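One structure below.
Only the coordinates and a few stated rules stand behind these numbers; no lab work does. For clarity, every value in this text was computed on a predicted model and none was experimentally measured.
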C-alpha cells in the first residue's frame, strides 16, 4: 500500500474524522459517560428579539467547555456576561459536571473569569504576538 496523501479536507471528511475519534474515545471512558456530548448554545436577546450576546459551549463527559462568550460592546459591564456564565454553571451543576474549562486572550477577559472564580491553569505567552492566551478551570461540584 502506498503512503496516504495529505490534503485539506471538506466538511464531510472533517465530520468523519471527528466521529471516528469520538468512537475511539468512547471506548476509554466510563460507559455512563461514553455518549455524553452535546452542544449548548445560550442566546442573550434584546426586546426586539435581536441577539446581543451569547455563550457557546460543549457538554463533554464530566465537564462543560465554554467555547465562546460574547456580549455586544455597548452592553458590556452591565452584568450580562456574568448572567450567561452563571447560567452555564447552573447547567453544569444540573448535569453533574465536575468542572468548566475555557480559554481567553489577554485582550479579552482574563480578569472577568478570575473575578468569577475561575483558576488559571496555563498560559501561552506571545500568542498571538504581543498577547497571552489563558486557560481557566472552575470546579462545579463544590459550587452546587
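General observations
- Three-way shape label, segment 99-144, alpha-carbon gyration tensor, a/c 1.5: prolate
- For segment 20-87, relative contact order (Cα pairs under 8 Å, six or more residues apart, normalised by length) works out to 23 percent.
- Between segment 100-123 and segment 51-89, the C-alpha centres lie 13 angstrom from each other.
- Gyration tensor (alpha-carbon) shape descriptor, segment 34-139, a/c threshold 1.5: oblate
- Mean separation of Cα contacts under 8 Å, 6 or more apart, over the residue count of the chain: relative contact order %: 15
- Here the sum of -39500 (n - 2.57) over DSSP H runs of 4 or more residues, divided by the residues of the chain, equals -8000 deg cm²/dmol at 222 nm, to the nearest 500.
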